[in-house]
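Derivation of every value follows stated rules applied to the coordinates shown; laboratory data play no part. Predicted model, so just to flag it, every value in this text is computed and none were measured. For neighbour counting, all protein chains shown are included, and Cβ atoms are generated from backbone atoms with ideal geometry for every residue, glycine included.
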There are 2 protein chains.
Amino acid sequence: MANDKKLVEAITSMDVDFAKWYTDICKKADLIDYSSVKGCMIIRPYGYAIWELIQKNLDGRFKELGHENVYMPMFIPESLLQKEKDHVAGFAPEVAWVTHGGSEKLTERMCVRPTSETLFCEHYANIIRSYRDLPKLYNQWCSVVRWEKTTRPFLRSREFLWQEGHTMHATADEAIAETVQMLNVYADFHEKDLAIPVVKGAKTPSDKFAGAEDTYAIEALMHDGKALQAATSHYFGNGFAKAFDITYTDKENKLVHPFQTSWGCTTRMIGGIIMTHGDDNGLVLPPAVAPIQVVIIPVAMHKEGVIDAAKGLADRLKGNFRVKLDDSDNSPGWKYAEYEMKGVPVRIEIGPRDIEANQCVIVTRHDREKTVISLDNLEAAVAEKLQAVRDGLYAKALANRERRTYNCETMDEIIAKRAENGDGFVRAMWCGDPECEDKVKEVTGVGSRCVPLEQEAISDKCVCCGKPAKQLVYWGIAY
Amino acid sequence: MANDKKLVEAITSMDVDFAKWYTDICKKADLIDYSSVKGCMIIRPYGYAIWELIQKNLDGRFKELGHENVYMPMFIPESLLQKEKDHVAGFAPEVAWVTHGGSEKLTERMCVRPTSETLFCEHYANIIRSYRDLPKLYNQWCSVVRWEKTTRPFLRSREFLWQEGHTMHATADEAIAETVQMLNVYADFHEKDLAIPVVKGAKTPSDKFAGAEDTYAIEALMHDGKALQAATSHYFGNGFAKAFDITYTDKENKLVHPFQTSWGCTTRMIGGIIMTHGDDNGLVLPPAVAPIQVVIIPVAMHKEGVIDAAKGLADRLKGNFRVKLDDSDNSPGWKYAEYEMKGVPVRIEIGPRDIEANQCVIVTRHDREKTVISLDNLEAAVAEKLQAVRDGLYAKALANRERRTYNCETMDEIIAKRAENGDGFVRAMWCGDPECEDKVKEVTGVGSRCVPLEQEAISDKCVCCGKPAKQLVYWGIAY
């Protein structure tokens, strides 16, 4: 029982210190560890298993849409990085430079890829000749490096895991359609599988990806009211194609440049899961990406027949669900705390009395609701409860976002509503002037998060200058 | 038809120039491309799909045995690399050094991991406390960098993809058992799934991994008679554990060091597949890792009903096999050449007469044997043919190895047999003296490949000095 106590003591309450609560969960749920490599993290088996489930899900979605995986070198020669001027300006300040191979100084230094547009473009220039070669729909799963000053597990680290899609199309329309399609894939994955409601939108010009014509993103609101950019999708026009001299012969036999997209999401999503669904008992995982969906805990384990009965349940369930039976020597109380910390969506308890009554107890992680069910309906009941966890998580996250979404017509209103209700999404109209964008941030503290695809005119004046408004914008504090 | 010709012209015959034949296949079968990053390769969709199938197969085998995946940082601080003295001596000359982050010079330079023993040890020192924490069975899929002077696609490149298992055990016996178990996993995968016969053995002391007590490897013989080290498994004793101060409290409450292994295999295996099974028509893939197992080619495609019939076959097969229907405008002859180049194990041809006769033609890639089969037996016939390809490939590779394996009692005999029959495995006795090992290489040209686990005394004298022999050794020319 000493362990019980230790476990509970170890977590900072989210209301006391959200940042501390977050890193506590990262460590106590065995998601990560630190090493002597500053700003990088070790992703431990339980954390990596979540990532593998995310990968498998997304990889299936990408392939279903015709994308193919490739692997590019992890290094980019400095001259290659410099080929597209906006791109290099955006990334050069935050790359790691390799200057020596063994004891030899390199004639040209290379950076570790912060993103691979330049490498893909060089390759596309080699392999695209004719309209018959298009579209090219490539994706890569790898790690990238960005030399961040301030780091936090999953949310911002010097090295992180991600996927980067890079596609080439015959026409601008096709490329734009791809950009939007992939944004929708990310949104659907977040809403259905991660149970995280998102706002789909475009970034304002000041916030675009280095070298992109348009950047789209999905924005999620965390439990503490701060915003997380969860995935991005970029439309490049033919700017990189021009810089890298990528051309193809079209059906009229003319030599023209193709149009390009890229889109990516990262291990940051795990941070999003933690901060959207977690609570003071630990992690809460949406069933789609939970390495253990159902944990079975025998009660009064030494009594005859209990372990066998628990094993029987595990055997029945393991074909359809990711199941773990914990028949270790730890107390049931310790186990409850442990698997709550690890965010296992459904717990099954079974003891001598349950066996006698041909039943077991099911507890759902997000609301700790207990249900006694007949063993005759075990499979159906577990499936139903997992769906209930997904739906419950989504409803709770959506309620949090709705409670924390403020329509504002003036900067004073922004300040007042934030002071009264805390951080959240501010919905306010904007004239399109970057100076107003900066001023809103300076005066009220919230920056533009995105211009939502679903527009609504909540006023006809810019929240800052009062001139005619062009767009509804979501504002907030970003992770 | 112009395309037919171009495709065939493009390959150098393996008998004319094996090295050129090899790189021709890498390029013409769309496995790789080069980039401006010297010594690194781009793995193209078809090549990467092979790697994904290899990964999935091995990952399943590892997990079945209780291993868990993790992700460690890609960087190693110089001081961490230096903690185990043999290890740093082995790797420091061939690492890439990162010296700057953005515009800032790092206070300590870091290398890009050439292998991750040091990082795993640092982590294990943090998380291993008691005998209850053992064993730790971790694996990582990632890319590593070794600054090679001479590079060749898949076989030796500055960056390559691999998996590295790193495990910690309470006793030396357990760790040795793990080392051997993983060697057997690699051997079984090669023999059953890649259809590559291998010799399991230990490396001689001069050829061990930097810091290991024992290194085991599987050695395969390529079509040209050269040897390929296809995977390795190392036993470390508790040397690293001492250097990294990893201790645990055993059942008697004593503080002791655990025992360690590591084991790995790489994208080099794809090179092994090419050089074991390929021929002058291109790649030949073992069915287990063929991205396309069955290609369906409609003949006289414009005739009524042909495309529908071909689609019908694809629909019937796609649940059980990886199937591609090529109904593009290219001629059947072009398609035959194309999918032979890509090594697709089974080709199905179907034309108007076949449809009338309720049949199709199946052609197996490795022997180009044609069989007419009734459509009533389609699924069973395809499964049988795929098995026939696997078995045929294995038999052919084994015959090549047997033809090229020479038992020799003197160095003169080695020279004579190699002069007469070409490169291959030389089996000869050794006294265990490293000087003899060096001299054999100097005089005859072949280096020690491994000390096979299956020993046999083919003579009682060392092939070099004539003193009493200790072990049978396989000698050869290594890739």
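Overall, the anisotropy analysis places the stretch B:55-158 in the oblate class: the square-rooted eigenvalues a ≥ b ≥ c of its C-alpha gyration tensor yield a/c not less than 1.5, with a/b not exceeding b/c.
Using the beta-carbon distance between A:Asp86 and A:Ile307 and R0 = 45 Å, what value does 1/(1 + (r/R0)^6) give for FRET efficiency, to the nearest 0.05? Walk me through the numbers before you get to the answer.
On the way: r = 63 Å, r/R0 = 1.41.
About 0.10, to the nearest 0.05.
Here the Karplus curve 6.51 cos²θ - 1.76 cosθ + 1.60, taken at θ = phi - 60°, turns the phi angles of the stretch A:103-114 into couplings of 9, 9, 7, 6, 5, 10, 6, 10, 9, 6, 3, x Hz, with x standing for Gly and Pro.
3J(HN,Hα) couplings calculated from phi for the stretch A:235-242 with the Karplus curve 6.51 cos²θ - 1.76 cosθ + 1.60 (θ = phi - 60°) are, in sequence order, 10, 9, x, 10, x, 5, 4, 5 Hz; Gly and Pro show x. Quick one: label points 7 angstrom along Cα→Cβ at B:Ser206, distances to the other copies in nm, smallest first? Label point to label point, same position, other copies: 6.8 nm. A straight Cα-to-Cα reach below 15 Å connects B:Lys242 with the aspartates and glutamates B:Glu84, B:Asp86, B:Glu117, B:Glu122, B:Glu213, residues fewer than 8 places away in its own chain not being considered. In this assembly of identical copies, the label point of A:Glu369 (Cα plus 7 Å along Cα-to-Cβ) is separated from its counterparts by 6.2 nm, sorted shortest first.
Please work out whether the stretch A:329-479 counts as rounded, prolate or oblate from its C-alpha gyration tensor, where a ≥ b ≥ c are the square roots of the eigenvalues and a/c under 1.5 means rounded, while otherwise a/b larger than b/c means prolate and anything else oblate?
Details: a/c = 4.69, a/b = 3.18, b/c = 1.47.
Prolate.
Annotation: amide H-H contacts under 5 Å for A:Asn69 (H modelled 1.01 Å from N, sequence separation of 5 or more, or interchain): A:Asn139.
Kindly flag which residue pairs out of A:Lys385/B:Lys56; A:Lys63/A:Lys83; A:Lys85/A:Lys251; A:Lys63/B:Lys56 have an alpha-carbon separation exceeding 22 Å in this structure. Write out the running numbers ahead of the final one.
Numbers: A:Lys385/B:Lys56 31 Å; A:Lys63/A:Lys83 30 Å; A:Lys85/A:Lys251 31 Å; A:Lys63/B:Lys56 16 Å.
Pairs exceeding 22 Å: A:Lys385/B:Lys56; A:Lys63/A:Lys83; A:Lys85/A:Lys251.
Estimated from the Cβ-Cβ distance and a Förster radius of 25 angstrom, the FRET efficiency linking A:Arg156 and A:Glu52 is about 0.70. Copy-to-copy label distances for A:Ala416, where each label lies 7 Å from Cα along Cα-to-Cβ, are 10.5 nm in order of increasing length.
Filter the GluC sites (Glu not before Pro) in the stretch A:433-479 to those in DSSP coil with at most 13 other Cβ atoms within 10 Å of their Cβ, and list the result.
Working: sites: A:Glu435, A:Glu437, A:Glu442, A:Glu454, A:Glu456; in loops: A:Glu454, A:Glu456.
The qualifying sites are A:Glu454, A:Glu456.
Extension gain for the segment B:Glu104 to B:Glu379, taken as residue separation times 0.36 nm less the Cα-Cα distance, is 92.8 nm to one decimal. Model label points for A:Lys370 and B:Thr410, set 7 angstrom from Cα along the Cα-to-Cβ axis, are 8.7 nm apart.
In sequence order, the stretch B:10-20 has phi-based couplings of 6, 9, 6, 5, 5, 6, 6, 7, 4, 5, 5 Hz under the Karplus curve 6.51 cos²θ - 1.76 cosθ + 1.60, θ = phi - 60°, and Gly or Pro positions carry x.
Computed over the alpha-carbon pairs of chain A, the distance histogram in 20 Å steps reads 21, 49, 26, 4, 0 percent, short to long.
So how many Lys-Lys pairs in the stretch B:405-476 land under 17 Å Cα to Cα, not counting same-chain pairs under 8 apart? Each step should come with its number before you reach the end.
Numbers: B:Lys417/B:Lys441; B:Lys439/B:Lys461; B:Lys439/B:Lys467; B:Lys439/B:Lys470; B:Lys461/B:Lys470.
Count of close lysine pairs: 5.
Normalised by the number of residues in chain B, the average gap of Cα pairs under 8 Å and 6 or more apart makes the relative contact order 14 percent. Counting Cβ atoms of other protein chains within 10 Å of each Cβ in B:43-50 and taking the mean gives 5.
Divide by every residue of chain B the summed helix terms, -39500 (n - 2.57) for each DSSP H run of at least 4, and state the resulting mean residue ellipticity at 222 nm, rounded to the nearest 500 deg cm²/dmol.
Computed ellipticity for chain B at 222 nm equals -10500 deg cm²/dmol.
Once you order the gyration tensor axes a ≥ b ≥ c over the Cα atoms, which shape class does the stretch B:1-121 get: rounded for a/c under 1.5, otherwise prolate or oblate by comparing a/b with b/c? Cα axes put the stretch B:1-121 in the prolate bin. Rounded to the nearest 0.05, the FRET efficiency derived from the C-beta distance between B:Asp173 and A:Ala357 at R0 = 60 Å is 0.80.
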